[in-house]
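What follows is a short report on a single structure.
Read-outs: derived from the displayed coordinates by stated rules, not from any lab. Note that the structure is a prediction, hence the values are computed from the model and not measured. All Cβ positions, glycine included, derive from the backbone under ideal geometry; neighbour counts span all protein chains shown.
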Amino acid sequence: MSGTSEGPRPPAVAASGTVRPPVTERHGADRAAAESVARTAAGPRDYRGVFQAAHLAMAVLDHQGAVISANDALAELLGTEPARLFDRTAADLVDLASDIRTWHAYREVLEGRRSRLRCTRRLKHPDGRTLWAEVNLSPVPESRSVLLSIADISDRRELQARLRHLQMHDPVTRLPNRTLFFERLTSALEASPYNGGGPFGKGRPYGGESGPLGEAGPRGHDGRSYGHGGTGRIGLCYLDLDGFKAVNDTLGHRTGDRLLAAVATRLTECADQDGYTRSGGHLVARLGGDEFAILVEDSTGTEQLADLARSVLTALQLPFDLAGQRLSVSASIGVVERAVAGTTPTGLMQAADTTLYWAKADGKARWTLFDPERNAHRMTRQALTSALRPAIEDDEFVLQYQPLVGMADGVVRGVEALVRWNHPQFGTLSPNRFIGIAEEDGSIVQLGRWVLHTACRQARQWQRDHPGARPLFVSVNVAVRQVWDSDLVSDVAEILAETGLAPQLLQLELTESAVMGSAGRPLQALQALSDMGVRIAIDDFGTGYSNLAYLSRLPVSVLKLDGSFVRGFRYDDGVHPSPADETIVEALVQLAHRLGLTVTAECVETSGQAARLQRIGCDTGQGWLFSRPVAPERIAEMIAATPPPS
Ligand code: C2E
Ligand code: MG
Ligand code: MG
């Protein structure tokens with residue numbers, strides 16, 4: 001044995017390739033010891049033969065880690081002669097000293113205090129190739145020697161890497177897929193020192209080793225380091241092609257796929273260009289369907305993201321030439337840029353999703369930046385949506401009533417029922433805040449029925465309480481969906497029967513869009529209601545595109561002129577009325593009268609407006625000049641104060 005000191009030798013300083021005398025040429029104590037240990041390890045001669053012939057690369061080490069005996073497989077794996085391995089240490093051969101944990105484990109195995117060391121190493125073969133090796137060290141029982149075995153796992157590693165690539169990439173565009181995108185996003189957020197991670201923290205990117213020392217270290221597989229000297233900000237362009245479904249549906253999936261691949265190429269070019277001039281390459285991923293994302297780590301601010309989004313839109317403007325077919329597409333992009341601190345992958349993606357939705361809603365072919373205020377509005381919208389149905393059951397809605405006044409005599413003829421929501425958190429909400437939501441989610445049917453019932457019962461109650469007075473009609477707003485999705489006719493019939501209100505005292509207000517083009521069911525419903533004696537009014541008339549002659553053929557009896565017409569009549573606040581407006585309204589009223597319709601003017605706020613409307617021939621008016629919408633008790637007071645009809 002060459003050494004007498006206890007404990008392992010430090011790693012050999014000799015560079016690999018240093019020529020040492022082959023074992024067979026060596027004499028003396030060294031050789032005798034080697035043979036004795038090899039005999040102990042291999043036992044009888046045939047075991048020795050097995051050891052030599054084994055396919056697994058093996059060596060017997062002494063208690064200092066030096067090679068006593070090595071088989072041909074090991075020499076071949078390391079690209080050398082068996083004899084040249086003699087006396088080299090395992091630490092030197094397979095680089096066990098490069099990290100402290102492995103070095104300790106190695107020593108413990110040599111000293112018999114540990115039963116096994118297993119690790120993965122990347123080795124450089126003398127012929128230039130790199131190979132991955134699984135290294136195993138374990139003490140040989142009842143001896144002081146240690147068995148080293150090394151398995152070449154390069155093929156397995158390569159297969160794993162290829163499988164991983166397949167799992168992480170999209171076959172159509174060859175871009176990283178959703179899985180890889182989220183892995184990278186998560187590691188970018190977690191690895192950041194701004195989120196309590198750090199370059200060596202829990203967020204080490206994928207690609208690390210399972211052995212005591214990771215080969216990948218604090219780097220991602222693309223070799224970029226994380227967390228060092230970053231800006232502490234992150235940005236995302238979340239992109240969706242406009243009208244891609246139509247391309248797929250009309251030109252087929254093959255063309256659709258080609259288009260996606262071509263789009264991917266342009267996105268990558270944009271990202272590379274930006275990444276080249278700035279910090280580093282950005283990740284371009286296909287998240288599914290026609291959705292893509294460009295992740296900008298260490299972003300320098302919203303301007304960088306805005307520039308990137310603009311360049312993407314510009315790049316996509318050029319038509320695509322796909323196997324002879326010229327195609328143009330546009331995209332909508334949601335842009336989010338924020339500090340890494342406090343940002344989670346889910347939070348960032350939700351913001352991106354919302355922003356993309358805005359970009360689409362704002363007209364597509366554009367980029368939109370995340371806006372926290374707009375988001376807060378959306379949150380309350382969400383909160384309202386989920387609270388709507390329970391609120392109907394919990395009786396959180398109330399009706400106010402606004403008088404409809406005869407223009408000629410100033411006498412109240414009827415009232416319009418206007419719903420309000422007494423929300424426990426948000427206070428009193430006007431219908432503009434929630435009717436749209438209720439229409440979208442269908443709860444308008446239930447709410448509308450409640451309004452109708454409450455308004456009819458109230459009208460009947462006033463009548464009972466003031467038997468001598470001229471009974472007021474009640475005008476109830478009806479949403480489009482109530483005509484389509486519920487049996488409005490039977491609901492009305494039931495409510496009238498139950499409350500005892502005469503059908504002539506009920507007016508239903510529908511918007512132009514609800515009756516436009518009505519045929520089939522809605523028209524039958526209008527006809528049935530009209531036959532019952534219920535009056536139909538067209539609300540907000542003039543804001544749509546309906547044609548008066550067409551409306552007159554429907555069972556409609558009242559036009560409610562939209563407030564925008566009346567606004568043009570303002571005299572007393574210095575705004576000069578437009579004579580053109582007045583001429584149009586006058587013509588409208590005359591035409592309506594000729595077609596047998598009565599006209600109500602909305603939003604009458606001044607006496608000047610009232611005077612002109614009366615002169616033009618409007619039958620009734622509604623507005624703050626007469627009264628704001630009020631509680632039912634106030635209407636009762638008005639009825640009581642009105643002299644009985646003569
Ligand atoms: P609308 O049917 O056109 O109701 C008239 C709206 O004009 C009411 O707003 C009323 O408060 C407002 N208004 C009345 N006089 C004046 C005035 O002189 N000046 C101005 N600037 N505004 C005036 P409100 O109560 O906020 O209702 C808004 C809309 O919500 C209604 O417009 C109606 O379309 C809808 N709505 C209200 N209640 C219901 C309901 O029970 N069911 C359905 N489906 N829609 C309803
Ligand atoms: Mg109305
Ligand atoms: Mg109206």
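A DSSP coil position with no more than 11 other Cβ atoms inside 10 Å describes the following GluC sites (Glu not before Pro) in the range 75-168: Glu142. Protection proxy ranking, highest mean first, for peptides 400-412, 233-245, 318-330: 233-245, 400-412, 318-330, where packing is the per-residue count of other beta-carbon atoms within 10 Å, averaged. In terms of packing, defined here as the mean over residues of other Cβ atoms within 10 angstrom, the peptides 376-385, 592-601 line up highest first as 592-601, 376-385. What the Cβ-Cβ distance of Ser607 and Arg310 gives, at R0 = 60 Å and to the nearest 0.05, is a FRET efficiency of 0.65. For Lys560, the aspartates and glutamates whose Cα falls under 15 Å of its own Cα, not counting residues fewer than eight places away in the same chain, are Glu416, Glu509, Glu512, Asp539, Asp540, Glu586, Glu602, Asp619. Dipole check for the range 363-477: with +1 at the C-beta of Lys and Arg, -1 at the C-beta of Asp and Glu, and the Cα centre as origin, the magnitude is about 220 Debye. Just so you know, the Cα atoms of the range 432-495 work out to an Rg and Dmax of 13.8, 44 Å.
Under 5 Å between amide hydrogens, built in the peptide plane, is the criterion, and for Arg413 it picks out Leu404, Val405, Gly406 among residues at least 5 positions away or on other chains.
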